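Step one of this worksheet: look at the structure below.
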Amino acid sequence: MAGAVALALTGCSSGSAPESGSKDQPFAGQTIVVNSFGGDYEATLQEAVIKPFEAETGAKVEVVTAYSADALAQLTAQKGKPQLDVVTFSGGQEVVAAADGLLAPIAEADIEGAADLVPTALDGVKRGEGEGPVIQIAPMGLIYLKDQVKDAPTSWDAVLDPKFAGHVALTDFSNSYGLLTFLAMNAKLGGSTDDVQPGLDAVGGLLAKNDAVVTATSPEIQQAFTQRDIWLAPYAQDYAYTLTKAGLNVGFTVPENSPASYITANVVAGTGKEDLATAFVNYQLRPEVQLAWADALRYSPTNMTVEIPAEFAEEVIAGEGLTGLVRFDPTEIDAKRAEWVKAWNALVAS
C-alpha cells in the first residue's frame, strides 16, 4: 500500500501493544465475525482495521467474504441465530435489515467522534431502528478516457451529448452504482424518485440508436474502455482509481447534485457481542483508519477531520466537499427498487 496507509497504520499501532489478556485489552479472548467485499477491499480491511484492532483490544476478528445482497440473505436466513456480528452494506440494505429486526441500534452517544462526521453519516443512526453509521463514501460521477475526451465533462447531460454517441457505457440496475448514476441523470432531466420515466426515456433513446452499451459489473466497464471504444461511463470515484492502477488514462469528475454510495457498518442483533461489535464499528471511524481507506482505494472519509495528502487530494472528495453530495433516501429506494428493476430490464431487453 502507499505511504499514507503506512503512516496511518503506524498511527493505529504506535507504541507497544498491550499484553494479551491485560486490563488494557477489554475484549481479550473474544471473537467476532464480520463480512467483507473481497479483493482489495478485504486486503485493506485486514491491514487498516483488523490487525491494529486486534492488537489494541485483544479480540480476534474473523472475516466472511459476502457482498451486500448475499450478506443480507445470510442474516435473514440465520435470524435468531446470526453468524455475523458486524455486517457491512454498500447498497442501502441496512434499511431492510433494520426493519426486519436483524440489527441492534447504536445510539448516537455511543459513536466516538460523532460530531466530526459528515452529517449524512448519521442519518440511519438517528432513525434508531438499527442502522449503523456510514464508514466510507464512494461519490458517483463521470469516468472519461482522457485520450479521447479533452475537456472534462462537468454535467450529467454529457451522457446524452451527441459527441459521445456510441462511446457511452451505462451500468445495469443489478449494480448499486448503476442505479445511483441513473437516478442522478434522471434528476438532471427533471425526474425524481417518484418519476423515473425521464431517465428511462433517455436511456431507451440511447440504446435504440446503439449510442450506449450496458455493463453489469465493474470488470465489464474496464473491458468496455479497453475493447469496445468506450470513452465515458457514469460510475464511482473508487473505480476510477482502479482503472488508473490498471494503466488506463482516465479522469473523473463529480457533477453538481451527484449521489454517492454510502457504506455502512452495522451491529447484528442477538449475538451477545454487541459491545465488541460496536467497538469495531467505532474503530473504523478513526481518522487514521479513514485515511488508510482513502489512500488504498480512494474512498472518501466520513470523518471530516481527515486531511488528504497533496499527492492524491484531487482524487478524493473530502471534508466540506462531501456535504454537497446527494443521498437518496434508502428507504424509498428499497420500496421502489423492484419496480425500477422491472422497468429497466424491459427497456434493456427491448
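The values are calculated or read from the model by the stated rules, or taken from the named source; none is laboratory data. The shown structure was predicted, so the numbers you read here are calculated from the model rather than taken from an experiment. Note that we place each Cβ from the backbone using ideal geometry, even for glycine, and neighbour counts take in every protein chain shown.
Quick rundown of the values:
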{"quantity": "Members of segment 55-92 found to be of a type in the set (Asp, Glu), crowded, with 18+ Cβ neighbours inside 10 Å and part of a helix (DSSP H, G or I), listed by number", "calculated": "Glu56"}
{"quantity": "Qualifying positions in segment 195-219 - outside any helix (DSSP H, G or I) and modelled with pLDDT of 95 or more", "calculated": "Asp195, Val196, Lys209, Asn210, Asp211, Ala212, Val213, Val214, Thr215"}
{"quantity": "Residue list for segment 167-219, restricted to those being of a type in the set (D, E, K, R), farther than 22 Å from Pro330 by Cβ and without any contact (Cβ under 8 Å) to a residue 40 or more places away in the chain", "calculated": "Asp201"}
{"quantity": "The listed residue being surrounded by fewer than 22 Cβ atoms within 10 Å (Cβ to Cβ) and modelled with pLDDT under 95, out of Ser174, Ser192", "calculated": "Ser174"}
{"quantity": "Matching residues in segment 235-286 - criterion: being over 30 Å from Leu170 (Cα atoms) and either of a type in the set (D, E, K, R) or touching a His at 6+ places or on another chain (Cβ under 8 Å) (or both)", "calculated": "Lys273, Glu274, Asp275, Arg286"}
{"quantity": "Verdict on Lys23 being among the charged types (D, E, K, R) and modelled with pLDDT of 95 or more", "calculated": "no"}
{"quantity": "Thr264 being closer than 28 Å to Gly199 by Cβ and not small (Gly, Ala, Ser)", "calculated": "yes"}
{"quantity": "Among (1) of a type outside the set (S, T, N, Q); (2) in contact with a strand residue (DSSP E or B) (Cβ under 6 Å, 6 or more places away or on another chain); (3) not in a helix (DSSP H, G or I), the one test that Leu276 misses", "calculated": "(3)"}
{"quantity": "Residue in segment 289-312 that is surrounded by fewer than 22 Cβ atoms within 10 Å (Cβ to Cβ), in a helix (DSSP H, G or I) and of a type outside the set (D, E, K, R) present", "calculated": "yes"}
{"quantity": "Yes/no for Val33 being over 29 Å from Met140 (Cβ atoms), part of a strand (DSSP E or B) and at pLDDT 95 or above", "calculated": "yes"}
{"quantity": "Hey, Ala233 part of a strand (DSSP E or B) and more than 19 Å from Ala343 (Cα to Cα) or not", "calculated": "yes"}
